[in-house]
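Reviewing the structure listed below.
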């Protein structure tokens, strides 16, 4: 689902967002809802890769949008059941994420809580925490040494 600000689809997607996301997303020009199909049409069997494949498609969309100078913000903070009702999404399909696309705004226009989050220093987790070898939980050490 895709909506541009001012059209009914944008408004409906906005209505599914959690309160925290509504605080800042009100000025976003485009909202999307990524939905996966949980079964193969041709084979009539479950598609265990549906969420992964949809995530890959959204990732590629984000890369392309970024190349065009746009910002993409994916949100788990939305109500999938409300989306299902508003868009009459049938069984076998699952709303996965809401997505905002637009140009960066002025952080000074954000509510205080959002402004603080936006301006806070960000630090990535050490990959050793989640890149494992031999068994789950054992750090690979890959990032502790130089690869030659």
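Laboratory data are not the source of any read-out in this text; all were calculated from the coordinates shown. Note that the structure is predicted; figures quoted are calculated from it, not measured. Here Cβ is always computed from backbone atoms with ideal geometry, including for glycine, and neighbour counts include all displayed protein chains.
For this structure, a couple of remarks:
- In the chain, helical runs assigned H by DSSP with n ≥ 4 each contribute -39500 (n - 2.57); averaged across all residues and rounded to the nearest 500, the mean residue ellipticity at 222 nm is -9500 deg cm²/dmol.
- Projected label distance in nm at residue 116 and residue 71, using a 7 Å step from Cα toward the beta-carbon: 1.9
- Binned Cα-Cα distance frequencies in segment 63-148 - 5 Å width, integer %: 3, 10, 10, 12, 13, 14, 16, 13, 7, 2, 1
- Once both labels are positioned 7 Å from their Cα atoms along Cα-to-Cβ, the gap between residue 22 and residue 51 label points is 2.6 nm.
- Estimated FRET transfer efficiency (residue 60, residue 103; beta-carbon r; R0 30 Å; 0.05): 0.90
- Three semi-axes of the equivalent ellipsoid, segment 1-60, Cα gyration tensor, whole Å, largest first: 29, 12, 10
- Projected onto their three principal axes, the Cα atoms of the chain cover extents of 54, 51, 28 Å, largest first.
- In nm, spacing of pseudo-spin labels at residue 140 and residue 41 (7 Å Cα→C-beta vector): 3.7
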